[in-house]
Amino acid sequence: MKIVVCIKQVPDTAEVKLDPKTGTLIRDGVPSIINHDDRAGLEAALQLRDKVGGTVTVVCMGPPQADVALREALAMGADDAYLLSAREFGGSDTYATATIIATALKKIGFDLVVTGRQAIDGDTAQVGPQIGEQLHLPQVSYAEGLDVDGDYIIAKRQFEEEAHMLKVKMPCLVTALSELAEPRYMSVRGIVDAYQQEITVWGFDDLKNDLNPEWIGLKGSPTNVFQSFGKKMRDPGTLMKDLTPDQAVEAIMAKLIERHII
Amino acid sequence: MDFKLDKSHLLQQELFRKFAETEIKPLAKEMDENEVYDQGLLEKMQKYGFFGIPYSQEYGGGGSDTLAYTLCMEEVSKVDASTGITISVHTSLCCSCIDEFGTEEQKQKYLRPLIDGSKIGCYGLTEPGAGSDVQGAQTVAVKDGDDWLITGSKIFTTNSGFADTCIVFALTDRSVPASKGLTAFIVDLKEMPGIEVSENIERMGIRAASNCIVSYDNVRVSPDRILGGVGKGFKIAMSALDKGRIGIAAQAVGIAQGALNEAIKYAKERKQFGKPVISFQNSQFKCAEMQTKIDAARLLTWRAAKAKDNHEVYGPYAAAAKLFASDTAVEVTRFAVQLMGGYGYCREYPVERMYRDAKITEIYEGTSEVMKMVVSGSMKLK
């Protein structure tokens, strides 16, 4: 079984501060870590490999410094690693990022793709599902449990206060919650070996046959951040339970009229 | 000349730091109070390779080096010096003897389980009547057929309460000085008849570490358990202590840095005379002085470690590092308690434990006086 885990290197937000003027993260001097959800996904992948055999490949898109995140993943026990790094990739939004990663994944090959639910620096939760869509894969997001049964994965998906047990045929994609697995530490031997291993670095040229330059980077990004600002705490909403559909419509309409929205 | 750690060492340091903060720190106070080392913690550290850091992967070790081992010693000792000595005695004193002087067969049989994390090792040299003066050793090994029978008593054997393997030194020839008549044996503390391990000796510091009297009463040892040949024990014992001193120096650096960090954290929050204690220039100057000494101690320690990794003469470097670092540990922990005032003296905060723990670094694996003998001996003064 070939599992590919997508990881992102993020600033450790436990130690990060916001610039009060721009509302953006001050990244200078902040240590970089593997995103929590991704690390849980990696751990789940390692456990599956140890159970049913196969390999775990880690993929990270980022600047050359993201090398250390991949070394860390190798030191935890991943088998091989790819760094997707190029000037052309810079400025990509989630859609363009997913395009680049999906292109790389097609080239690498996989039975199962695991990504984190969302990254602590952007919190979009979009890249995983977008990779799944671009690769036309069935996907399970918000996984808090993961197992394998023959050609299928069995995933426990968190769904508000419920959980769904889903059986999905591979190839497929899963986005992991931090609760999915408690990540192991690196081992001393793992670190020593990780720095003796080659990490494959793919730039634009390595992927260009399947990658339209118009689809990536700033040019290929449909979203643009025009402003960042701190959130204000809002009042909790009103929960109206046990209404019939008609009553619900009435209640919503009444509120909209009350607030002069319609 | 480069004083920076390379990427692999930085990542190893991060592993040790994270593990120490997450796994060891929450247990340190309780282990000290109960005078018992947590066996679950021990197993976790074995699993992640903390007990075989500088040894070859060929025998199941981490394949790293002495420098990485000092990083581990510093990080664990920042939060718990008892963990430091537990790892150090196993690594520098027990494993190094077999690694350096063992036959291939002995390495496969005894070194492999010690460094792959399945067994714990210890080292029995000190006796009730023979501390710094190794020549005063009384434990003997008498030939009986092909075997040897060991009789005597070893004191302050760290890890002996739970260790599997011990390198024990006994006189095989009493007609010559110990430097020629001492032999090193690999014994199995848990399985060999005639071995008795006492209760933990009550001590001032490093109370969570296991430290017992091990008595040998006609303990039968086969000749394939002799290390380096009959009569080679003194050389083996001294060589192990040279390595051990690098570990103790790093432990002392860790204790000092850990205590200073705790005290600074406290002094930033504690207000007296209307402002944080850290805002007084006396606090700041003292902190600067302490940090400078810690940095100097760390660099001395790294110099010794690098010299060993480069297969250069490192004994006098190791002695200088231990001499300076242990003195620094005692001074910095004393200051840390002082900076925190009455609260520093309370068991609620870790610095009183660190102050108690620091003292031993001036004593074991060669006292500061012995360190001066080693350093001065290398200076061609006579």
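Here, each number is a calculation from the coordinates, and none is a lab measurement. As the structure is a prediction and not an experimental result, all values here were calculated from the model. Don't worry about glycine lacking a Cβ; one is built from the backbone with ideal geometry, like all the others, and counts go over all protein chains shown.
Which pairs in the list B:180/B:380; B:154/B:322; A:2/A:208; B:78/B:308; B:154/B:243; B:143/B:322 are over 28 Å apart, alpha-carbon to alpha-carbon?
Pairs exceeding 28 Å: B:143/B:322.
For helix B:233-269, what angle does its Cα long axis make with the longest principal axis of chain B, in degrees from 0 to 90 and rounded to 10?
20 degrees
List the residues whose amide H sits under 5 Å from the amide H of residue A:145, counting only those 5 or more places along or on another chain, with H placed 1.01 Å from N in the peptide plane.
A:156
Kirkwood Rh over alpha-carbon pairs of the range A:102-173, then Stokes-Einstein at 4 °C and 1.567 mPa s: what D in µm² s⁻¹, rounded to an integer?
Diffusion coefficient, whole number: 101 µm²/s.
Taking neighbour Cβ counts within 10 Å as the exposure measure, how do B:357, B:116, B:99 sort from fewest upward?
B:116, B:99, B:357
GNM, chain A, Cα, under 10 Å: largest mean-square fluctuation among A:206, A:242, A:193?
Taking springs between Cα atoms under 10 Å, the residue moving most is A:242.
For the range A:2-215, report the translational diffusion coefficient in µm²/s to the nearest whole number, using Stokes-Einstein at 37 °C, 0.692 mPa s, and a Kirkwood Rh over Cα pairs.
In µm²/s, the coefficient is 188.
Can you list, largest first and rounded to whole Å, the semi-axes you get for the range B:121-234 by taking the square root of 5 times each eigenvalue of its Cα gyration tensor?
23, 16, 11
Could you give the dipole magnitude of the range B:240-377 about its Cα centre, charging the beta-carbon of Lys and Arg +1 and that of Asp and Glu -1, in debye to the nearest 20?
360 debye
Work out the length of the dipole vector of the range B:7-115 about its Cα centre, built from +1 on the beta-carbon of each Lys and Arg and -1 on the beta-carbon of each Asp and Glu, and round it to the nearest 20 debye.
Dipole magnitude for the range B:7-115 comes out near 300 debye.
Which listed residue (B:130, B:145, B:222) has the Cα farthest towards the positive end of the charge dipole for the range B:121-234, taking +1 on Lys and Arg C-beta and -1 on Asp and Glu C-beta about the Cα centre?
Selected residue: B:130.
Quick one: which residues, 5 or more positions from residue A:202 or on another chain, have an amide H under 5 Å from its amide H? H modelled 1.01 Å from N in the peptide plane, none for Pro or chain starts.
So residue A:202 has HN proximity to A:83, A:84, A:85.
Rounded to two decimals, what ratio of Rg to Rh does the range B:59-140 give with C-alpha atoms and a Kirkwood Rh?
1.03
If you project the alpha carbons of the protein assembly as shown onto the principal axes, what extent comes out on each, in Å, largest first?
Answer, in whole Å and largest first: 105, 67, 54 Å.
Would you mind checking the radius of gyration and Dmax of the range B:7-115 based on alpha-carbon positions, in Å?
Rg then Dmax for the range B:7-115, in Å: 14.0, 42.
With Kirkwood's inverse mean 1/r over C-alpha pairs for Rh, give me the Rg to Rh ratio of the range B:225-382, two decimals please.
For the range B:225-382, the value is 1.10.
Along the charge dipole of the range A:2-215, which of A:141, A:180, A:192 sits closest to the positive end, that is, farthest toward it, with unit charges on the beta carbon of Lys, Arg, Asp and Glu (+1, +1, -1, -1)?
So the residue we want is A:192.
What relative contact order, as a whole-number percentage, does chain B give when Cα pairs under 8 Å and 6 or more residues apart are counted?
Over chain B, the number comes to 17 percent.
Out of the range B:148-256, which trypsin sites (Lys or Arg not before Pro) are coil in DSSP terms and have no more than 14 other C-beta atoms within 10 Å?
Passing sites in the range B:148-256 are B:174, B:190.
Residue farthest toward the positive end of the dipole of the range B:269-327, with Cβ of Lys/Arg at +1 and Asp/Glu at -1: which of B:274, B:310, B:294?
Positive-most Cα among the choices belongs to B:274.
Assigning unit charges at the beta carbon (Lys, Arg +1; Asp, Glu -1) and nothing else, what dipole magnitude in debye, to the nearest 20, does chain A show about its Cα centre?
Charge dipole, chain A, about its Cα centre: 340 debye, nearest 20.
When you look at the Cβ of every residue in B:10-21, what mean number of other chain Cβ atoms sits within 10 Å?
For this peptide, the per-residue mean of nearby foreign Cβ atoms is 4.
If I build a Gaussian network model for chain B, linking alpha-carbon pairs within less than 10 angstrom, which residue out of B:130, B:20, B:336 has the largest mean-square fluctuation?
The residue that fluctuates most here is B:130.
In Å, what Kirkwood hydrodynamic radius results for the range A:136-262 from the alpha-carbon pair distances?
Roughly 21.3 Å, rounded to one decimal.
What is the sum of charges, Lys and Arg at +1 and Asp and Glu at -1, for the other residues whose Cβ falls under 9 Å from the Cβ of residue B:365?
Around residue B:365, the surrounding residues sum to +2.
Would you mind calculating the relative contact order of chain A from Cα pairs under 8 angstrom and at least 6 residues apart, reporting the percent as a whole number?
Once divided by the residue count of chain A, the mean separation gives 24 percent.
What ranking of A:24, A:200 emerges when the number of other C-beta atoms within 10 Å of each C-beta is taken as an exposure proxy, fewest first?
Lowest count first: A:24, A:200.
Please identify the longest segment of chain A free of exposed chymotrypsin sites (Phe, Trp or Tyr not before Pro), where exposed means a DSSP state other than H, G, I, E or B and no more than 13 other Cβ atoms within 10 Å.
With chymotrypsin sites (Phe, Trp or Tyr not before Pro) excluded where exposed in loops, chain A gives A:1-225 as its longest stretch.
Taking the Cα atoms of chain B, what is the range of coordinates along each of the three principal axes, in descending order and whole Å?
Sorted from largest, the Cα extents of chain B read 79, 46, 39 Å.
Considering amide H positions built from the backbone, and no H for Pro or chain starts, which residues 5 or more places from residue B:103, or on another chain, come under 5 Å of its amide H?
Excluding prolines and chain starts, which carry no amide H, the hits are B:228.
222 nm [θ] for the protein assembly as shown, helices only, -39500 (n - 2.57) per DSSP H run of 4+, per residue, to 500?
Per the formula, -12500 deg cm²/dmol.
Using DSSP, restrict attention to beta bridges with both residues in the protein assembly as shown and report what percent are antiparallel, rounded to the nearest 5.
Here the antiparallel bridges make up roughly 60 percent for the protein assembly as shown.
Loop sites only, by DSSP: take the GluC sites (Glu not before Pro) in chain B that have at most 12 other C-beta atoms within 10 Å and name the longest stretch containing none of them.
Of all site-free stretches, the longest is B:1-190.
Can you sort B:115, B:363, A:216 so the residue with the fewest Cβ neighbours within 10 Å comes first?
Sorted ascending by nearby Cβ count, the order is B:363, A:216, B:115.
Looking at chain B, identify the longest residue range that excludes and avoids all chymotrypsin sites (Phe, Trp or Tyr not before Pro) in DSSP loops having at most 10 other Cβ atoms within 10 Å.
Longest stretch, sites excluded: B:4-272.
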